[in-house]
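What follows is a single structure, written as structure tokens, with notes after it.
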Amino acid sequence: MSADVSQEKITLGTITMAHGSGGKAMEELIRTVFVEAFNSNHDNPQLASLEDQARFDLAALQQQGNRLAFTTDSYVVDPLFFPGGDIGKLAVTGTVNDLAMGGAKPLYLSCGFIIEEGLPIDTLKKVVRSMQQTAVEAGVSIVTGDTKVVHKGSCDKLFINTAGVGVIAEGVNISAHNAQAGDAIIINGYLGDHGAAIVDARGDLALQNTIESDCQPLNDLVQAMLAVCPDIHCLRDATRGGLATVLNEFAQASNCSMQVDETKLPIRDEVRGMCEILGLDPLYLANEGKLVAVVPAAAAEKLIAVMQNHRAGRHSTIIGQVKALSKPVSKPSVLMTTGFGSQRIVDRLVGEQLPRIC
Amino acid sequence: MKYVDEFRDPDTARKLVQQIQRLTDSIMAKRAEAGYTMPLQLMEFCGGHTHTIFRYGIEQLLPDTIELVHGPGCPVCVLPRGRVDDAVALASRPEVIFTTFGDAMRVPGSQKSLLQAKADGADIRMVYSPLDALKLAKENPEREVIFFALGFETTMPSTALTLLQAERQGITNFSLFCNHITTVPTIDAILGDPDMILDGFLAPGHVSMVIGEEPFQFVAKEFHKPLVITGFEPLDILQSLTMVLLQINEGRTEVENQYKRVVQKQGNSPGQQAIETVFEIRDFFELRGLGSVDHSGVRIRDAYARYDAERKFPLSLTGGGITVTDPAGCQCGDVLKGLIRPWQCTQFGEQCTPQTPMGALMVSSEGACAAYYQYSDVQELKLKRSHQKESVSA
Amino acid sequence: MCLGIPGQIVSISDADNSMAMVDVSGVQREVNIMCIVEPNTNAQDYIGEWVLVHVGFAMSHLDEEEAQRTLALLQELGEFQEELDAMKEQEPQQAGESQ
Ligand code: SF4
């Protein structure tokens, strides 16, 4: 991003209720913070026109595919800045990834900011610049937005909502219902980095380490995968609830058994260490840049080769296989062969994972 | 040596399992001669062992003639409802920052859990160590920081030493809500039950690390049951099972120590001293699922009364002796004694699930019922239960 | 009950309060080592030692010799089992011959 130095001139201070009043203060905030960042390359005509809505040429969209994908997500992460990312980066990657998991090419994002009065404008600027930088990286434009300021205590510093649209190319048909017996299960790298980084960044537990969030856009990786294997069966990013939750969703939707091998799961030593200390299970830790793919076995090796060549998939690996339901576990479920040679069911989590002493 | 991976080797496990099979065959053959065919009932007392057993699928590696009985050794699970109510009352006071280990947050009281109290506005913080709670007290001199002290002897030295440190540093806005419980009276209560049918014990390794081997001698001497102090990796469990079976096969009843890399015969004396200095035995304490057990809890000595939340805020509390009974239909006590398996409880998977725990054993992931729920096919287990009922009524 | 994990003391962070940094797979946490420091020894001498940590307190040394002994014992049990298996394999043969 070409953040030009003149930007620094805007009044540094804190957000007040005036910034949400619709008056001059708000207009100035929009111009000097949001438009300045999101149109920093002067290539965002939809936003620059400052209409109440962004407008698109349908014909241009139609050239890229035959279906529109549309999604939304809200971001309330605490703390706002954490090792490897911040709420702004997360707000863009999260929505971009949700689109990408349907095989869509993400194009446009909206953003809604709910700001607690008293937030330093400098903090907001940092977040907004990070959003723009991530948007550039992911090849999407942030084309419309909204700002609300709420009284102290009505929200925690800053909440962001983003919605996004993308286009799905003809012939791509990815769904959690599509897993078939024999399919290979693939992951694009280390598990649990984001969850571990957040646990740590909250600081209550006073653990020192160098774990960084894996927060990254996955749309380019998915396009590379589709190029060699248009027939990807299932695709989901393993965010809240981690790998275990996604696999359970696939098993349920496709009525099959997802069988993974514990020794194949890529988990960093440090993440493992943190899990040992706190009694957490890395299978349930959140990720923000990890996708789980179920693909025809014949295409698996080819896909792994392509993925490992991609920045977002260096440590891609096959972690298991889809099996038809059979005794002794005849309900859709996730079965893990432990490093110890036995098998156990990996169920969904009941509530939030809490550190344990016993 | 990393002290972890070495004790998770699948090849060694396979061989140990064969050994266990051979020993059980031999024991069962002898028993059959005596006209006695009941499977061997071996109890792992400690919730940490239960966790390892489920996490590594150890039960399914064992012969059918061994049944593992998952004991009450999860201090979070056996926390009685009245005490949780007290904790919620303390936490809800405006001046209080209530600090707790994470897994105690979900335990239901008769009204609500700490997690719900937090949602209702109580200032409740999760900490990793009692020292973190003390640090909060230092940082917030205008607030009262209470630490929810719970756990068996393993955890007692940590809270005792934290209290002593508070005293040394002259910190006065810090107190403990003491719910520590003791292992020996609890095991004694289980063994003393006339319905008891256990054949041997895996004893808690980390409790032993503090109190040593000696306090467990009564199990071998008075109750004539084999007992092996056990570590927490899967090979530790298998090796200890082998050691218990060897004792049974040879007709010995002894206290043996499988976990010598951590547990010294005499335990940890600075830890024992800290316990002795700060705590004294209560006449009785309630354990959820087992009811009131004599001498099973400790309280803070008079000399440290100013660090005792129960005495600092007496009005709000039920006093630790008043029992809030468990819901009707809960069969935790029978499960704890090994009389029924968790899935044989009629509430299992029906009224009682991890989302809506009725009994103690469904509360923490260490609890036997919660572990069965999480790690097995609940539908299958329910089917099995109804088949059993049919065959009983037929 | 009582989650305890092995870690290695890497430095002494506050000798007066017996606090040390302990490393578990690259994650470090400040831990109280009062219970494992012998009288008349210096906290510094414990750097490099493996300890068992429970709720922020080191509660025991890890004894490498004992750990090796346990592993050796496990190995022996395994080998003993292999011998048994070898014997078993011979048995049916003998049975066959006697028929
Ligand atoms: S299923 Fe619930 S009520 Fe029944 S024994 Fe287990 S915890 Fe108690």
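The values are calculated or read from the model by the stated rules, or taken from the named source; none is laboratory data. Please read all numbers here as calculations on a predicted model, not as lab measurements. Methodologically, a virtual Cβ is constructed for each residue, glycine included, from the backbone with ideal geometry; neighbour enumeration extends over all protein chains shown. SASA here: full protein model, heavy atoms, side chains in, ligands and nucleic acids out. Shrake-Rupley method; radii C 1.70, N 1.55, O 1.52, S 1.80 Å.
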Handout entry: Selection from segment A:255-279 of residues that are open to solvent by less than 20 Å² (accessible area, probe 1.4 Å) and either closer than 24 Å to A:L90 by Cα or more than 14 Å from chain C (Cβ to nearest Cβ) (or both)
Key = A:C256, A:S257, A:M258, A:V260, A:L265, A:P266, A:V271, A:M274, A:C275
Practice task
Considering (1) over 19 Å from B:Y3 (Cβ atoms); (2) without any contact (Cβ under 8 Å) to a residue 60 or more places away in the chain; (3) within 14 Å of chain C (Cβ to nearest Cβ); (4) crowded, with 23+ Cβ neighbours inside 10 Å, say which one B:P226 fails and leave the rest.
Solution key: (3)
Practice task
Report yes if some residue within segment B:75-83 is touching a helix residue (DSSP H, G or I) at 6+ places or on another chain (Cβ under 8 Å) and open to solvent by 10 Å² or more (accessible area, probe 1.4 Å); otherwise report no.
Solution key: no
Problem - Residue list for segment A:56-92, filter: within 30 Å of A:T210 (Cβ to Cβ) and assigned to a helix (DSSP H, G or I) - result: A:I87, A:G88, A:K89, A:L90, A:A91, A:V92
Exercise for the section: State the number of residues belonging to segment B:332-373 that are open to solvent by 40 Å² or more (accessible area, probe 1.4 Å), at pLDDT below 85 and in contact with a helix residue (DSSP H, G or I) (Cβ under 7 Å, 6 or more places away or on another chain). Expected result: 2
Handout entry: Close pairs from segment B:258-275: first within 23 Å of B:H49 (Cα to Cα), partner aromatic (F, W, Y), Cβ under 9 Å, at least 6 apart
Key = B:Y259/B:F232; B:R261/B:Y3; B:V262/B:Y3; B:G271/C:F57
Problem - Residue in segment C:43-51 that is surrounded by fewer than 17 Cβ atoms within 10 Å (Cβ to Cβ), within 11 Å of chain B (Cβ to nearest Cβ) and not in a strand (DSSP E or B) present - result: no
Handout entry: From B:Y3, B:Y36, residue being assigned by TED's automatic domain parsing to the domain that holds B:L287, touching a residue at least 12 places away in the same chain (Cβ under 8 Å) and of a type in the set (S, T, Y)
Key = B:Y3
Exercise for the section: Check off (1) surrounded by fewer than 24 Cβ atoms within 10 Å (Cβ to Cβ); (2) farther than 30 Å from B:S240 by Cβ for B:T162 and give me the number that stays unchecked. Expected result: (1)
Completion exercise
Restricting attention to segment A:340-357, the residues that are at negative phi, open to solvent by 30 Å² or more (accessible area, probe 1.4 Å) and facing chain B (nearest Cβ under 7 Å) number exactly 5
Practice task
Check segment A:183-190 and report whether any residue there is crowded, with 16+ Cβ neighbours inside 10 Å, within 14 Å of another protein chain (Cβ to nearest Cβ) and either touching a residue at least 24 places away in the same chain (Cβ under 8 Å) or of a type outside the set (S, T, Y) (or both).
Solution key: yes
Handout entry: Selection within segment B:332-355 - of a type in the set (A, V, I, L, M) and without any contact (Cβ under 8 Å) to a residue 60 or more places away in the chain
Key = B:I340
Practice task
Looking only at segment A:197-205, decide whether some residue is under 21 Å from A:E301 (Cα atoms), outside the structural domain of A:Q53 (by TED's automatic domain parsing) and within 15 Å of the chain's Cα centre (by Cα).
Solution key: no
Exercise for the section: Scan segment B:59-103 for residues that are of a type in the set (V, I, T), within 12 Å of chain A (Cβ to nearest Cβ) and in a loop (DSSP other than H, G, I, E, B) and jot them down. Expected result: B:V76, B:V78
Handout entry: helices (runs of 4 or more DSSP H) enclosed by segment B:148-258 - at least 1 residues per element that are of a type in the set (D, E, K, R)
Key = B:156-168, B:183-192, B:217-221, B:234-250
Handout entry: Looking only at segment A:100-158, and only at residues there that are basic (K, R) and assigned to a strand (DSSP E or B), the one that is nearest to A:D237 (Cα to Cα)
Key = A:K105
Exercise for the section: Might you check whether a residue that is crowded, with 23+ Cβ neighbours inside 10 Å, at pLDDT 90 or above and not assigned by TED's automatic domain parsing to the domain that holds A:I267 occurs anywhere in segment A:144-155? Expected result: yes
Exercise for the section: Of all residues in segment B:341-377, count the ones that are closer than 26 Å to B:P39 by Cα, among the polar types (S, T, N, Q) and either more than 8 Å from the ligand (Cβ to nearest atom) or in contact with a strand residue (DSSP E or B) (Cβ under 8 Å, 6 or more places away or on another chain) (or both). Expected result: 3
Practice task
Among residues belonging to segment B:1-35 that are touching a strand residue (DSSP E or B) at 6+ places or on another chain (Cβ under 8 Å) and among the hydrophobic types (A, V, I, L, M, F, W, C), point out the one that is nearest to B:L238 (Cα to Cα).
Solution key: B:I20
Exercise for the section: Pick out the one residue from B:I27, B:I53 that is modelled with pLDDT of 90 or more and either within 13 Å of chain A (Cβ to nearest Cβ) or buried (at least 21 other Cβ atoms within 10 Å of the Cβ) (or both). Expected result: B:I53
Exercise for the section: Give the number of residues within segment C:52-69 that are part of a loop (DSSP other than H, G, I, E, B) and open to solvent by 10 Å² or more (accessible area, probe 1.4 Å). Expected result: 2
Handout entry: Residue, surrounded by the fewest Cβ atoms within 10 Å (Cβ to Cβ), within segment C:1-42, restricted to residues that are small (G, A, S) and within 9 Å of chain A (Cβ to nearest Cβ)
Key = C:G26
Handout entry: Failed criterion for B:R143 (all others in (1) of a type in the set (K, R); (2) within 12 Å of another protein chain (Cβ to nearest Cβ); (3) under 26 Å from B:R301 (Cβ atoms) hold)
Key = (2)
Problem - Condition met for A:A305 (in the same structural domain as A:R268 (by TED's automatic domain parsing), at pLDDT 85 or above and open to solvent by less than 60 Å² (accessible area, probe 1.4 Å)) - result: yes
Problem - Every residue from segment B:343-391 that is closer than 20 Å to B:C74 by Cβ, within 13 Å of chain A (Cβ to nearest Cβ) and in a loop (DSSP other than H, G, I, E, B) - result: B:G349, B:T353, B:P354, B:Q355, B:T356, B:P357, B:V363, B:S364, B:S365, B:E366, B:G367, B:S376
